[in-house]
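Q: The structure is given below, and queries will be raised subsequently.
The values are calculated or read from the model by the stated rules, or taken from the named source; none is laboratory data. What you are looking at is a predicted structure, and each value in this text was computed from that prediction instead of being measured. Don't worry about glycine lacking a Cβ; one is built from the backbone with ideal geometry, like all the others, and counts go over all protein chains shown. Heads up: the accessible areas ignore ligands, DNA and RNA and are worked out on the full protein's heavy atoms, side chains in. Shrake-Rupley method; radii C 1.70, N 1.55, O 1.52, S 1.80 Å.
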Amino acid sequence: MSYVFCNQCGHRNPPSSSFCSSCGAVLDMPDERTVVIAQVDALQDLPGPSDNASIRLGDVHGHGVLVIRSGEMTGSRFTLSKDVTLIGRHPESDILLDDITVSRRHAEVIKTSSALIVRDLGSLNGTYVNQTRVDEFTLKHGDELQVGKFRMVLFSKSDILS
């Protein structure tokens, strides 16, 4: 059975339909059909605890804490206590993420007098903040930092209390 997909909302309709049963839009002729598949972030669509990261405010020390919210390291916490915190697959990294999607020297988090800045170190897969690829970005409480397949949430007491 070949379904007809609506160009307005993407709803799947029976092949004999002339109008979309979801939004009422006119469906195109069979030879002019276009299938539109919306881009979806699978991790945000998963229900349950794997999508949440939480920490007691009293557990936030140093400049902030990164909590991994996905994968086999879910719940792991990394305190940002140095002025420069190195993230990567290299054994001497401050935050060691041992996976092929992470470069040996992937990124660094720098503490300036007024902010935390993440800087990509020329990694192959890039560094993302809130799902946007960045070379350098000023982090704030609640931002999601993605390095390879690891998604981490920043908890920063200074951002919460100010």
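Q: V40 is checked against (1) among the β-branched types (V, I, T); (2) modelled with pLDDT under 85; (3) assigned to a strand (DSSP E or B) and fails just one. What number does that condition carry?
A: Every listed condition holds for V40 apart from (3).
Q: Is there any pair linking a residue in the stretch 109-138 that is free of Cβ contacts under 8 Å to residues at least 12 places away in the same chain to one that is of a type in the set (D, E, K, R) and open to solvent by 70 Å² or more (accessible area, probe 1.4 Å), with Cβ under 7 Å and at least six apart or on different chains, and which?
A: Correct list of pairs: G126/R133.
Q: Another question about this same structure. Show me the strands (runs of 3 or more DSSP E) entirely contained within the stretch 56-147 in which 1 or more residues are in contact with a helix residue (DSSP H, G or I) (Cβ under 8 Å, 6 or more places away or on another chain) and surrounded by 13 or more Cβ atoms within 10 Å (Cβ to Cβ).
A: Where strands (runs of 3 or more DSSP E) fall fully within the stretch 56-147 and carry at least 1 residues being in contact with a helix residue (DSSP H, G or I) (Cβ under 8 Å, 6 or more places away or on another chain) and surrounded by 13 or more Cβ atoms within 10 Å (Cβ to Cβ), they are 65-68, 77-79.
Q: Still on this structure, please answer the following. When only residues in the stretch 148-162 that are in a strand (DSSP E or B) and not basic (K, R) count, which is modelled with the highest pLDDT?
A: Residue satisfying both the conditions and the ranking: F150.
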